[in-house]
Structure formats: structure tokens, C-alpha cells
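The values are calculated or read from the model by the stated rules, or taken from the named source; none is laboratory data. The shown structure was predicted, so the numbers you read here are calculated from the model rather than taken from an experiment. Note: ideal-geometry Cβ built from the backbone for every residue, glycine included; neighbour counts use all protein chains shown. To get the accessible areas, we keep the full protein, side chains included, count just its heavy atoms, and leave off ligands, DNA and RNA. Shrake-Rupley method; radii C 1.70, N 1.55, O 1.52, S 1.80 Å.
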Amino acid sequence: MPPITDFLSCTDPLDDFDSLSYHQIQHAKTYVTGLAAASSKTVTGIAREVLPAGSDRALNKFITEYDWDEDQLNHERLEELQNHGETRWSKDGYIVIDDSVLQRTGKELPGAGSFYDHSEGEPVWGQDLVYAFYTDHKTSYPLAFRQYEKADDDEEDVEATKYELAQEIITELEEEIGVPAVTYLFDSWFAHGSELIKHVESYRKDWIGPLRSNRQVTFDGEEKRVDAFAESIDTEEREIDDEVYNIWTKTLPVSKLGEVRLVITEKEVDEDEENPIKYFATNKVDAPSAHIIRSYSQRWRIETFFEDSKEDLGLGGCEVRDSDGASRHWHLQMLTYSLLRLGSPSSVSERLVSKASSLRAQLEHGLKETIYNMFSWVREQPDRDLDGLMEDIDHLFLHSEGSEGCI
């Protein structure tokens, strides 16, 4: 049969997940197939395009009613990733903490509200998820998430802030999951949370994050804004990975953070390109500035994850109005992303795909190669009738009970 591993990585590892029963595993395989391949990522859309009968009743019950633990599923997903060299984490990797707003229109969706979207530069209606994301030189994938919800004005209990949710995730990563990566990367919003920084340091971990321009620094006994301070110093020209930077660095006090390493850097670009000065802070006080700049460049991969997941893998496509069901959808979306990351490159074309910055390119390439392989296989079956060929092709995407291999 023509291989489809370029399009959707083998889902056999799901068969060993203790969090799911046999029938739940079949539903999970159907769901992740739909998230990867269906044009509509809703329960109805997945059922229509993946299930032979097109019924969404059982799939909807799997998401909203069946008894299974999505947190255990997530831990098993991460354990499975450690069984493969290409996705195994290490202490030299990085954990990125960031959030993303999923723009929606439904008023009854769980946790929906008005949130400031940095990509849009204005408040939008949607759902806000705080993520932890692992990345290193060879792989990247989500670790865990929490949904941020604004409390109603009449509620007595104050909702958990995004800083507190990030602390919850970090506690889970350090005490339950045991991610060995020693460096956390924040954007300027999360780097502003001093309690969050202290929480990371309580686990003897490092962190790097940019400072907002109004952050106060103290130098030679004088306190001033970091942007004003940057105007009073002389930078040194340095070349890092074939790029030219103007850099100044020193360990000094920064408001709310104490003694940290400050790196002020501006990359030389063409006159028509915008490149604002960046102010990096880190507790890695002995690290070279080139290491800090290279390390922080790893943060962009979570942006690629958000873009790929929203456009191609149904991150923002869940229409379930039940909060537990929505959480399960997002956990299965992380599973889909991880399955697509599995599989060692075995051909020149696959190696080229593995270097693609976007999962969209990987999916498009895989689909083209799948179609090519399918036509080639059909040409090699001149004596088979059409119904028999279509039945075999159908089994490529969804197994019947007791069969083996990928869905």
C-alpha cells in the first residue's frame, strides 16, 4: 500500500496510552486525523470528512462525555516523544512561556471574552491560552497549557492571572513531568512578572527576556529608564552568525529583578527596515552576549507553532461549548502537532521537509507525495476492480477493529 507517513505520522503509539480505552483510542485516531487533514476542524466537519458514515454523535460524546483524563494523555504524549531521538528533550533545550488569543465570534464559548491581541495591536473577542513550549536545535513541540479567563465584575473570587497560570505550568513541568531544559524564554509581558521570575529561579533554572523601554536600571548610582540609558552608552560592533550587531552589556540592578545581566543590542539592517533596539535581561550573568542573543532567537518557534496550529491544525476551530470538551480538543490538537513531528527523515525529500520553518509546508509536501504514491500504486494494480481499490484506500485513513498500522 502507498505510504502516508509524509502526510500523517503513524499513530500506533496511541495504542499504548493507558489514559484511553480501546474504543477511545479509535476515536482519538479519528480526531487527530481530522485535525491534520479535514478542511473543517469541528466535530461535525471531522466526522463528515473522516468517518465513513459521517456521524458525529459518538465523536462528540468522546470529546464531551466519555471518561478519560486529558492531563494523563498529555503526560503520555510527552513520554512517547522521549522514545524518539529526533524529539527527545535535553538540558540544552529551551522552554518558552507565551500566550495566544484565538479570535472567535461565539459568545457562549468557554472563557470567551475581550483580550488584547499583540499580533493585532488591539483587543479582540476570543479565548486566551497560556502555553509552555519546548524547543532546541532539532525539534519543537508544546508541553502544556492553561486557559486564561477574565472574572466577571460581580464575582468575589479573583481569577488566576496569566502570571499565576504560567507558574502553575512551570510547577507541573518541574515537579511532575521533569523537563530537563535549564533555560526559560519570556516575551516582554511575562518578563515583567517578578514573581514568575522568582518562581523559575526557585527551581535553579535560568531565564532570558526582553525589557520594556520604561524599565528602570541603576548605573553608577543613578536610576533611569533603560531606553534613556541606552542613549548614553557606547556600543561595540560584533558579528554573530553572519549578522552585525551593536552591543553593550553589563551586570547591574534592574527594577523588580535585582542584579541581572543587561544586554542592549541593535542589529544593523538596511535603511528601509525597522529594527528597534532590544534590551535583554537574564540571570545568566556569566554568559557571553552572543549566547544570550542566539538563545533568545529560539523563542520565534512558538510563534510558528501558533500560526501553524491556527491555520492548519484546528487550534482555533473548536466549537464545543463545554469547557472540559474544549480542553480535550486543545489537548488532542497538541497530540496532532506532536505526531506530525515524529518520524526520522529517510529520503532526500523528507530531509528537505524537516528543515521547513512552517508545518504548513510539511503538510502540503506530504499531501502531494501521498497523492503521487497513491496513483503509482493504483497503476501497479491493473487487475483490481474500482470498489476494491477504494476500499483499500479507505483503510489508509481509518482502521477497522483489529487492524494494524497508521490511520
Worksheet item: Sorted by average packing, counted as other Cβ atoms within 10 angstrom per residue and highest first, what order do 103-110, 291-298, 182-189 take?
Response: 182-189, 291-298, 103-110
Item to complete: Please report, as a whole percent, how much of the solvent-accessible surface of the range 200-342 comes from carbon and sulfur atoms (probe radius 1.4 Å).
Response: 39
Worksheet item: Too long at a 25 Å Cα-Cα cut-off: which of Lys162/Lys198; Lys91/Lys150; Lys198/Lys310; Lys91/Lys138?
Response: Lys91/Lys150; Lys198/Lys310
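Expressed in nm to one decimal, what extension gain is obtained for the pair Glu319 and Glu237 from 0.36 nm per residue of sequence separation less their Cα-Cα distance? Spell out each step's value before the answer.
Details: separation 82, 0.36 × 82 = 29.52 nm, distance 5.18 nm.
The Glu319-Glu237 span can extend by a further 24.3 nm.
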Discussion item. Cut-off under 21 Å on the C-alpha distance; same-chain residues fewer than 8 positions from Lys61 excluded. Which lysines are left, in chain and number order?
Written reply: Lys29, Lys41
Worksheet item: Near Lys267, which lysines are there with a Cα under 16 Å away, not counting those fewer than 8 places off in the same chain?
Response: Lys278
Fill in: 1.4 Å probe accessible area per residue over the range 238-337, in Å²
46
Fill in: Distance between modelled label sites at Glu259 and Arg88, nm, 7 Å Cα→Cβ extension
3.9
Worksheet item: Carbon and sulfur: what percent of the range 25-103's accessible surface (1.4 Å probe)?
Response: 42
Worksheet entry | Potential lengthening between Asp387 and His23 on full extension [0.36 nm per residue; Cα-Cα distance subtracted] | 128.3 nm
Worksheet item: Spin-label point model (7 Å from Cα, Cβ direction): what's the Tyr66 to Ile177 distance in nm?
Response: 2.3
